[in-house]
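Asker: The structure under discussion is supplied below as structure tokens; questions concerning it will follow.
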Amino acid sequence: YIKRKGGVRSDVLIGLFWSLGMALGILFVALMPGYPPDLSSYLFGNILAVTKANLRLMLILSGIVVFVIVALFNDWKAYLFDEEFASIVGIKATFLEYLLLVLIAMTVVVLIRVAGIILVLALLTAPAATSEILTTNLKRRMIYSVILGNIYCLAGLWLSYELNIASGAAIVILSVVCYLLFYAVHSIAGKARSRKLAACHEESHKCGQGCTEHAEEN
């Protein structure tokens, strides 16, 4: 709402409200009577101590998210491609934006005690950013994000077991490192393609000049 009415950039608002939310959370925890909970559990979580109630809640949330995405997929595609165009053709872009924020908020709230805020943020961004490198198709991006998120979690848990380190930290580090590797490979491949195209263009230009000179001589 502030972004739409006040013209403030999204990254500024995210930083401000993130800081405010963390500060209020610490304040409320400090004001709680009795023995205060461990703040590190909210930051890093404990993915190895998931209860059946947590699993049921996550399954319900997953079902809601999948249903909303599938039911409104074409609207999401138009909105994410061009918000202005979506509004022109009659799609409620404002509703979709608020709905997206609500889904993200629900996901963070449900997962924060299980995975911790740091791991939740990493899994919300790293798989999606990596899939963006791999494909430009929205449906494939979503599928790749889910697959990559599961791979990061399973591989991170295996690394934490083998190296005897925190599971959340292992998953976060692995997801970020994989993104950086994909980005580096994509950049190198892109530069190589650009050089190859430039060389082909130069070669074709030389061939064209040679053919022109040969035709003039004849």
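Asker: How about segment 145-178: which of its residues are more than 15 Å from L119 (Cβ to Cβ) and among the hydroxyl-bearing types (S, T, Y)?
Answerer: S145, Y161
Asker: Taking the criterion of being surrounded by fewer than 17 Cβ atoms within 10 Å (Cβ to Cβ) and either polar (S, T, N, Q) or under 23 Å from L181 (Cα atoms) (or both), would at least one residue in segment 62-81 satisfy it?
Answerer: Yes, some residue in segment 62-81 is surrounded by fewer than 17 Cβ atoms within 10 Å (Cβ to Cβ) and either polar (S, T, N, Q) or under 23 Å from L181 (Cα atoms) (or both).
Asker: Which ranges mark the helices (runs of 4 or more DSSP H) fully within segment 19-134 that have 1 or more residues being modelled with pLDDT under 75?
Answerer: The qualifying helices (runs of 4 or more DSSP H) are 39-44, 93-115.
Asker: Testing A115 on (1) closer than 30 Å to G25 by Cα; (2) surrounded by fewer than 16 Cβ atoms within 10 Å (Cβ to Cβ); (3) touching a residue at least 12 places away in the same chain (Cβ under 8 Å), one condition comes back false. Which one is that?
Answerer: (2)
Asker: Select from segment 113-147 the residues that are among the aliphatic types (A, V, I, L, M) and over 11 Å from the mean Cα position of the chain (by Cα) and list them in ascending order. Walk me through how you get there before you give the answer.
Answerer: Of segment 113-147, the ones among the aliphatic types (A, V, I, L, M) are 114-115, 117-124, 126, 128-129, 133-134, 138, 142-143, 146-147.
Result: V114, A115, I117, I118, L119, I133, L134, L138, I143, I147.
Asker: Next question. Specify which of the listed residues (Y152, Y144) is at pLDDT 90 or above, in contact with a Cys (Cβ under 9 Å, 6 or more places away or on another chain) and surrounded by 16 or more Cβ atoms within 10 Å (Cβ to Cβ).
Answerer: Criteria check complete, one pass: Y152.
Asker: Tell me yes or no: at least one residue of segment 174-183 is assigned to a helix (DSSP H, G or I) and either at positive phi or modelled with pLDDT under 80 (or both).
Answerer: Among the residues of segment 174-183, not one is assigned to a helix (DSSP H, G or I) and either at positive phi or modelled with pLDDT under 80 (or both), which makes the answer no.
Asker: Which condition number in (1) surrounded by 17 or more Cβ atoms within 10 Å (Cβ to Cβ); (2) in contact with a His (Cβ under 8 Å, 6 or more places away or on another chain) is the one that I133 fails?
Answerer: With respect to (1) surrounded by 17 or more Cβ atoms within 10 Å (Cβ to Cβ); (2) in contact with a His (Cβ under 8 Å, 6 or more places away or on another chain), I133 is out only on (1).
Asker: While we're looking at this one, here's another question. List, please: which pairs have Cβ atoms under 6 Å, are six or more places apart or on different chains, and start with a residue in segment 60-78 that is not assigned by TED's automatic domain parsing to the domain that holds M142 and end with one that is crowded, with 16+ Cβ neighbours inside 10 Å?
Answerer: L61/V110; D75/I91; A78/A86; A78/I91
The values are calculated or read from the model by the stated rules, or taken from the named source; none is laboratory data. This is a predicted model, so every value here is computed, not measured. Every residue, glycine as well, gets a Cβ built from its backbone with ideal geometry; the counts of neighbours run over all protein chains shown.
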